[in-house]
Amino acid sequence: SFDGQLAPDRVSSLAGLKELQRISPLRRWRLVEIDSNLANLKEESEHVMSLIYPSNTYMDLNIGIALWLAASGDGWVNGQDGDRYKHKSTSRVLLVGSGADEQCAGYGRHRTKYRVGG
C-alpha cells in the first residue's frame, strides 16, 4: 500500500481478516501488510515489466507490481498484543484471490463491446 492504513485495499483486507477470524476463530490467521513507496516502485518496475512482457500498459504494470510486492511477503503483521511486527514470509506459494477476468484478460470483452457500439 502507498497510503498505509487508509488505502482502500488495506481497509478491505482488514475487513476480510475480521470476517475470517469470525468464521474460524480457532485458526491462526496472519495478514502480512505490505507497504511500499515510489522509490521502491521505480526500482522494481523494469524487472516486473520484463516478467509481464508483452503486456506493457500502465494497468499491466500496476497489477504486476502489486502482485510482485505482495509475493515478496516483506511487510508487517499485527500481533495478538496489538503491536506491529516486521515479517518476512518464507512461503514459496502465493494464493491470489483474483477472478478469471483478471487472470485471463476477460475484461477485453467489455472493450470489444464498447467498440462495436454496445
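Please treat every number below as a calculation from the coordinates, not as lab data. In this text the structure is predicted, and so the values were computed from the model without any measurement. Because the Cβ atoms are built from the backbone with ideal geometry, glycine has one as well, and the counts that use them run over all protein chains shown.
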- Relative to the longest principal axis of the chain, what angle (0 to 90°, nearest 10) does the C-alpha long axis of helix 38-52 take? 50 degrees
- First select every other residue whose beta carbon is under 14 angstrom from the beta carbon of residue 40; then total the charges, Lys and Arg +1, Asp and Glu -1. -4
- Which of (i) -0.46, -0.54, -1.01, -1.12; (ii) -0.57, -0.66, -1.11, -1.19; (iii) -0.42, -0.49, -0.91, -1.00 gives log10 I(q)/I(0) by the Debye sum over Cα atoms at q = 0.12, 0.13, 0.18, 0.19 Å⁻¹ as computed here? It is (ii)
- Relative to the chain, whose Cα atoms define the longest principal axis, helix 58-72 and its Cα axis are tilted in degrees, nearest 10, by 30 degrees
